[in-house]
Every structure is written in structure tokens, then in C-alpha cells.
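A.B. asks: Below is the structure I would like to discuss, written out as C-alpha cells.
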Amino acid sequence: MWEKINRIWKLRDLRNKILFVLGLLIVFRLAAHIPIPGVDVGNLRNFFDNNQILGLANVFTGGAMENFSIVMLGVGPYITASIIFQLLSMIIPKLEAMMKEPDGYKKINQYTRWLTVPLSATSAYGTITLLQKSGQGIIGEMSIMQWAVALTLITGGSIFLMWLGELITEKNIGNGVSLIIFSGIVARIPSVIQQVIVTFDPTKLPMIIAFLVIAVITIVGIVIITEAQRNIPVSYARQIRGNRVYGGMTTHLPLRVNQAGVIPIIFAVSFVLFPPLIAQFMVSKYTGIVADIAQFVVELFNNQVFYGIAYFIMVFAFTYFYTAVIFHPDQIAENLQKQGGFIPGIRPGKLTAEYLHKVSNRILLAGAIFLGAIAILPLILKGVGGQGFSSMAIGGTSLLIVVSVAIETVKQIDSQITVRDYENF
């Protein structure tokens, strides 16, 4: 490890990229502590501590939401906009054709940026209204000017984080959005450790040891599933050109058990948080049957059993959905056929695509079940072990994101080191 760090430090351009990314993440953490005026932060934090849904949202913003900072929405609106366009691309033929064009992704990304603006403003308005109607004395009545300032700052903060994420992605040191979420989760670790030390009780030592053992086992499982893959053998036919023979080699096509990485968790969290947040807003805004339905939705998502089942199903479904977006068996089969490659025992073309699709779905089942189990693991532990494991209410999801993002970032850094080794050779 120290040898690798030494090599990174000696490669000037790679070192500058990493320092640049770290600098942007520090900027994000500083912005997370710039509050919007007019908020009782103490009451706000108590409200978040007693609300599981908002507590989960707060984790993914790195505590920015409980600070009511200018980046309180995190990269949530940008992620939601990305989900919307990925869903639309599977429904609208023009968007699907656009994604296959050479510059199609650039156009889709531009549309995603535009959609992020109204989504940020809408989310900011809904969040402020929810906190006003919470009855916790968090935010008082606001004038038109105060509303304009608050909405502008929060919307600008979301766009600012979107820009930071794209700058990080351009450096090829990891996915910008994932690293921002990663830094937000990691930033809470020191405060959690401090809280455990300050409130240490010898009678809770077995619980702490059990927590650490489960965390280690979870991390090992995440690494195994993240790195697991099935190698599909691929042979290339021999080609005779003049007096030379080309091809005739055998290699493999790796299919990962978890091709979607951490994205399904991020998508699922966005979808699980949306209904109760809207319902809580409608409870305080409307009366009659609308308020009754909204109250039913709030109580439904507060039910641990329903919440766990919905969360598991969302993670499971998004694992298959995102894999379908990024994995194209038809294109792989076509490229293999053009290059003279084939899977032994499978005819090139359509049958190869069907075989890859079938194998991918089978191995993906294990990955989807594992991701869903990791997501609801804290809820299961809390149900079995009682309030002693309440501190793990977000532990499984956080560990999954932290470990997955760390592995992906290290791989990208290793690939850049390898490229430079080839250039020197």
C-alpha cells in the first residue's frame, strides 16, 4: 500500500488530480456548514433524530440537511433527474435513439441539468413548508423576500454540487456524485465515534462488539459480491492472410455479479424518501380525504415491516433496471461477431445475445438479493436486537456505498497508474 501511495505521489499529473478532487470534497464539506438564516437548528436536529425517513435523507447529504445549509438537498435533485431521463429513454423511442448517437449522452446530460433546476426549487419549497408545518418551532413565517432568498440559495447549492460532481468525474478518479455522497457519510464517522466514547457504558460493550463483528462481516460480503464475476469463454477463429496466421486465441468475457454497483441503492433511497415526504407536506397543507390519504401514507412508511419490504423491492428492481440500461447483450454479440469471436457451443449473433442475457439475469439474481439484504439488514437487526442496534438504522446502506465507492475509486487510480506504466515502457 505504501509503495502504491509513493508511486501516486511521484506521478505529478495523477497527484494533482487527486489533490484537486480532495479540494472539491473539502469545499462541499465547508458548504454543508453554511446555514440559511431564520432556522432553529437545535429543534431541527431533534426533529431529524426522531424521524427515520428524514434521518436517512440527512445521511446522504452528510448532515447538510440537519444544518439547513445551502447544500441541504445534496445531489438528490440531480439523481432524480437522471432517473427520470433513464426511465423516459426506455419509453420514448426518440430518447432511446438519441442515447445511441455519438453525442447523445451529452444532450441527455444537458437535459438532466436543466431538469435539476425546477426539481431543486420544488424540493426546497416542499422541505421548508414541511418544517414550517411540523409544529416543532423550526421555521417561523417567512416573507416573500425571505422565501425568494431561501429558494435561490438552496437551488443554487444543488446546482453547485452538481457542478462539483461533474468536475470530479472529469478527472477519472471516481464518479463525482458517488464521491460526494461518500464524503458525506464518512464525515459523520468522527462524530459517531466521539458520541460512543462520551456515552460509553460498560454494560453496552457486548452490543458494541457485536456491531463491529457484523460491520466486518458486512464489509467482507460487500467486497466479495462487488468483485465476483463469471468468466464467459470466448474463442477467436484463425484467419490466414498470406503466409501469416492471425487469431486462434481464447480469452474470456467477465460478467459481474453486481454490474450496477452502488447506483441501485441511491435510486431506491430517492424513491423510498419521496412518498412520505410528499405525504407529510400534504397532511399539513390540505384537509379532508386528501389529508387522510396522506396521513395513511405517512403511517404506512413508518411501519418498519412495510418500509423494509418496499426498500428491498426497490433495490432489487433497480438492480435489474440499471443493469439493463448499462449492459447491452446485443451490442456485445455484434462486436464479437465482427471481430471473429464466438462463445464455444453458441452460434454467433442473436443466440449469443440471448445466452449472455440469460446468464446475466441468473448471476444478477444473487447480486440483487444481496444488495436488498444489505439495505434492510439494519432493520432486521433492530427488530431482533431491539433498540440496542438503533444506531445501525442506516449502517448497511452506508457501508455498501462507502465500500463500493472506495473499491471503484481505487480501481480507477490503478488503471491510470497502469496506463502511465505502458506509456513509460
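The values are calculated or read from the model by the stated rules, or taken from the named source; none is laboratory data. Values in this document were obtained by computation on a predicted structure and should not be read as measured data. Here the Cβ is made from the backbone with ideal geometry for all residues, glycine too, and neighbour counts use every protein chain on show.
A.B. asks: State which residue is modelled with the lowest pLDDT when the search covers only the range 1-39 and only residues that are among the β-branched types (Val, Ile, Thr) and outside any helix (DSSP H, G or I).
C.D. replies: Taking the candidates together, the pick is 39.
A.B. asks: Turning to a different aspect of this structure: Within the range 50-62, is there a residue that is at negative phi and at pLDDT 75 or above?
C.D. replies: Residues of the range 50-62 that are at negative phi, as a first pass: 50-61.
Subsequent filtering for residues that are at pLDDT 75 or above retains none.
No - not one qualifying residue is present in the range 50-62.
Residue-by-condition table, conditions (1) at pLDDT below 80; (2) over 24 Å from residue 179 (Cα atoms); (3) of a type outside the set (Gly, Ala, Ser); (4) not in a helix (DSSP H, G or I):
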| residue | (1), (2), (3), (4) |
| --- | --- |
| 217 | no, no, yes, no |
| 270 | yes, no, no, no |
| 287 | yes, yes, yes, yes |
| 293 | no, yes, yes, no |
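A.B. asks: Output the residues belonging to the range 308-355 that are without any contact (Cβ under 8 Å) to a residue 12 or more places away in the chain and not in a helix (DSSP H, G or I).
C.D. replies: If the condition is that a residue be without any contact (Cβ under 8 Å) to a residue 12 or more places away in the chain and not in a helix (DSSP H, G or I), then 328, 345, 346, 347 are the ones that fit.
A.B. asks: Looking only at residues in the range 291-316 that are surrounded by fewer than 13 Cβ atoms within 10 Å (Cβ to Cβ), among the hydrophobic types (A, V, I, L, M, F, W, C) and over 23 Å from the mean Cα position of the chain (by Cα), which one is nearest to residue 376 (Cα to Cα)?
C.D. replies: Of all residues in the range 291-316, those surrounded by fewer than 13 Cβ atoms within 10 Å (Cβ to Cβ) come to 292, 296, 299, 303, 305-306.
When the remaining residues are screened for being among the hydrophobic types (A, V, I, L, M, F, W, C), the result is 296, 305-306.
Cutting the leftovers down to over 23 Å from the mean Cα position of the chain (by Cα) gives us 296, 305.
Numbers: 296: 22, 305: 10 Å.
Filtering first and then ranking leaves 305.
A.B. asks: Continuing with this model, one more query. Let me confirm something: among 226, 203, which residue is among the β-branched types (Val, Ile, Thr) and in contact with a Gly (Cβ under 8 Å, 6 or more places away or on another chain)?
C.D. replies: Matching residue, one of 226, 203: 226.
A.B. asks: Given the structure, is residue 287 among the hydroxyl-bearing types (Ser, Thr, Tyr) and touching a residue at least 12 places away in the same chain (Cβ under 8 Å)?
C.D. replies: no
A.B. asks: Given the conditions (1) without any contact (Cβ under 8 Å) to a residue 40 or more places away in the chain; (2) assigned to a helix (DSSP H, G or I), which single one is not true for residue 119?
C.D. replies: (1)
A.B. asks: Return the only residue of 89, 82, 120, 158 being modelled with pLDDT under 80, of a type in the set (S, T, N, Q) and surrounded by 16 or more Cβ atoms within 10 Å (Cβ to Cβ).
C.D. replies: Exactly one residue qualifies, and that residue is 89.
A.B. asks: If only one of 128, 159, 144 is free of Cβ contacts under 8 Å to residues at least 60 places away in the same chain, touching a strand residue (DSSP E or B) at 6+ places or on another chain (Cβ under 9 Å) and among the aliphatic types (A, V, I, L, M), which one is it?
C.D. replies: One residue alone meets the criteria, 128.
A.B. asks: Condition (residue is within 26 Å of the chain's Cα centre (by Cα), within 21 Å of residue 326 (Cβ to Cβ) and among the hydrophobic types (A, V, I, L, M, F, W, C)) applied to the range 108-128: is it met by at least one residue?
C.D. replies: Yes, that holds for at least one residue.
A.B. asks: Among 186, 192, 177, 196, which is surrounded by fewer than 16 Cβ atoms within 10 Å (Cβ to Cβ) and touching a residue at least 24 places away in the same chain (Cβ under 8 Å)?
C.D. replies: Just a single option satisfies the conditions, and that option is 192.
A.B. asks: Given the structure, is residue 174 under 22 Å from residue 267 (Cβ atoms), of a type outside the set (A, V, I, L, M) and touching a helix residue (DSSP H, G or I) at 6+ places or on another chain (Cβ under 7 Å)?
C.D. replies: yes
A.B. asks: From 406, 368, 375, grab the single residue that is farther than 14 Å from residue 264 by Cα and either surrounded by 15 or more Cβ atoms within 10 Å (Cβ to Cβ) or modelled with pLDDT under 75 (or both).
C.D. replies: 406
A.B. asks: Now for a separate question. Applying the selection to the range 68-107, what residues are under 17 Å from the mean Cα position of the chain (by Cα) and of a type outside the set (A, V, I, L, M, F, W, C)?
C.D. replies: Answer for the range 68-107, where residues must be under 17 Å from the mean Cα position of the chain (by Cα) and of a type outside the set (A, V, I, L, M, F, W, C): 74, 76, 77, 78, 80, 82, 86.
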